[in-house]
1. Between a residue in segment 141-163 that is in the same structural domain as PRO50 (by TED's automatic domain parsing) and farther than 21 Å from PRO120 by Cβ and any residue that is part of a helix (DSSP H, G or I) and modelled with pLDDT of 95 or more, which pairs come within a Cβ distance under 9 Å, given they are 6 or more apart or on different chains?
2. Select from segment 90-129 the residues that are closer than 15 Å to GLY15 by Cα, assigned to a loop (DSSP other than H, G, I, E, B) and aliphatic (A, V, I, L, M) and list them in ascending order.
3. Please state which one of VAL221, VAL174, VAL206 is buried (at least 16 other Cβ atoms within 10 Å of the Cβ) and under 28 Å from VAL293 (Cβ atoms).
4. In segment 45-97, how many are touching a residue at least 60 places away in the same chain (Cβ under 8 Å), in contact with a Lys or Arg (Cβ under 6 Å, 6 or more places away or on another chain) and farther than 15 Å from SER133 by Cβ?
5. Identify the single condition in (1) under 21 Å from GLU286 (Cα atoms); (2) within 24 Å of the chain's Cα centre (by Cα) that GLY331 does not satisfy, given that it satisfies every other one.
6. Here's a check for you: in segment 130-147, which residue that is part of a helix (DSSP H, G or I) and acidic (Asp, Glu) is nearest to SER214 (Cα to Cα)?
7. Go through segment 157-179 and report how many residues are in contact with a strand residue (DSSP E or B) (Cβ under 6 Å, 6 or more places away or on another chain) and either part of a loop (DSSP other than H, G, I, E, B) or among the aliphatic types (A, V, I, L, M) (or both).
8. For residues that are in contact (Cβ under 8 Å) with a residue 24 or more places away in the chain and of a type in the set (S, T, N, Q), scanning just segment 270-304, find the one that is farthest from LEU88 (Cα to Cα).
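The values are calculated or read from the model by the stated rules, or taken from the named source; none is laboratory data. Quick caveat, the model's predicted, so the values are computed rather than measured. Here the Cβ is made from the backbone with ideal geometry for all residues, glycine too, and neighbour counts use every protein chain on show.
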Amino acid sequence: MSSNENTVGPVVIVGAGLAAVRAAEELRQSGYDGELVIVGDEPHLPYDRPPLSKEVVRGENDDTTLRPREFFDEQRIDLRLGAAATGLDRENRTVSLSDGTEIAYGDLVIATGLTPRRIPGLPELDGVHVLRSVDESRALRADLREGARALVVGAGFIGCELAASMRGLGLDVVLVEPQPAPLASVLGEQVGALVGRMHRDEGVDVRAGVGLASLTGDGRVSGAVLSDGTELDVDVVAIGIGSVPVTGWLEGSGVALGNGVLCDEVGRTDDPHVWAIGDVAAWRHETGGHKRVEHWSNAGDQAKILAGALTGTGDPDAPAQVPYFWSDQYGLKIQALGTVSADDDVHVIKDDGRKFVVYYSRGGALTAVVGAGSAGAVMKMRAKIASGVPIGELLESAPA
């Protein structure tokens, strides 16, 4: 094993979400047979987070556990749940936990994910929710009754999915977003407008270019004031204005931090025994900079690469994966394949008022495809995106 020849303890994975479980699985499949520990701050078995804004909050599925307890026993994975990491001592190779214990590691994998942004200055009121954990999703679900007036702040993926879930439960929903359109920061303003249209067609009051200024209520939220001065009567508020990497416990450790934990192209930090994966990890990008990718499929892709590098069994010439993510809204799957940038050229290939397909290009080459309710049209483009097919060729053959 090339990178952990001097290992003095187990491989410790801090974080207990998808990236952590995938990393543990890939390490075992790569031949790592030593001690393996997963540390998580929640008491629950590792679970899947995307359903929190969909099936869980709608009450359709309350258990999104990734693997049963027996799996971790069979794979000899020591789960340390209910204790957050509070510090890292790289010299002695130990991680301090909130329960006062320390864990020694030979190699450390940081997989602590994200924590939601908060709006400073808001009063502490019942009925106001910020979604990250399964407990928070269940608490929000308890407030969602038919006919209630809901305000969703932020029209990123979480906000849009929550708005769709609330409409499906019969709530009156106002969705506010400071940017010009929902998902504009991810998919661009033009495609964001198509998503906004879908929400309006479903009865959501979409207000772009406006945010939340303040909330009012006596113990429980009853009103909201928007940044344009509009006053709303509300019964429940869900805030989804983005997230930040969970790196506070690493401050002072010497691990290089930027927008997340800075890593090379295989997840290794500037310390050869400290690695990072998933939403918290800013891996070196092909452009030479560092980039975090907050997508479900990315966790699995990175886990395979990291495990291969840590154990010395990986293929250094393996082709890069084409990024992929999706979002379920109103029975439609919005899918994105490739890397979308704000300055890409946008080509609407299909738009029937609900379903759509959009190509993105940069420098004359295809960079990404986004579609709603058009899985076949999106997924067949993977190879073309990987090879950077000239956009002109595709537009010539696109349906009129």
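1. none
2. ALA111
3. Values: VAL221 fails: under 28 Å from VAL293 (Cβ atoms); VAL174 fails: under 28 Å from VAL293 (Cβ atoms).
Testing whether each residue is buried (at least 16 other Cβ atoms within 10 Å of the Cβ) and under 28 Å from VAL293 (Cβ atoms) leaves just VAL206.
4. 1
5. Unmet for GLY331, out of (1) under 21 Å from GLU286 (Cα atoms); (2) within 24 Å of the chain's Cα centre (by Cα): (1).
6. Taking segment 130-147 first, the residues part of a helix (DSSP H, G or I) are 134-142.
Narrowing the set further to residues that are acidic (Asp, Glu) leaves 135-136.
Working: ASP135: 25, GLU136: 21 Å.
The residue in question is GLU136.
7. 9
8. If we filter segment 270-304 for residues that are in contact (Cβ under 8 Å) with a residue 24 or more places away in the chain, which is where we start, we get 271-282, 286, 290, 292-300, 302-304.
Cutting the leftovers down to of a type in the set (S, T, N, Q) gives us 297-298, 302.
Numbers: SER297: 28, ASN298: 26, GLN302: 23 Å.
Step by step, filter segment 270-304, then rank; the result is SER297.
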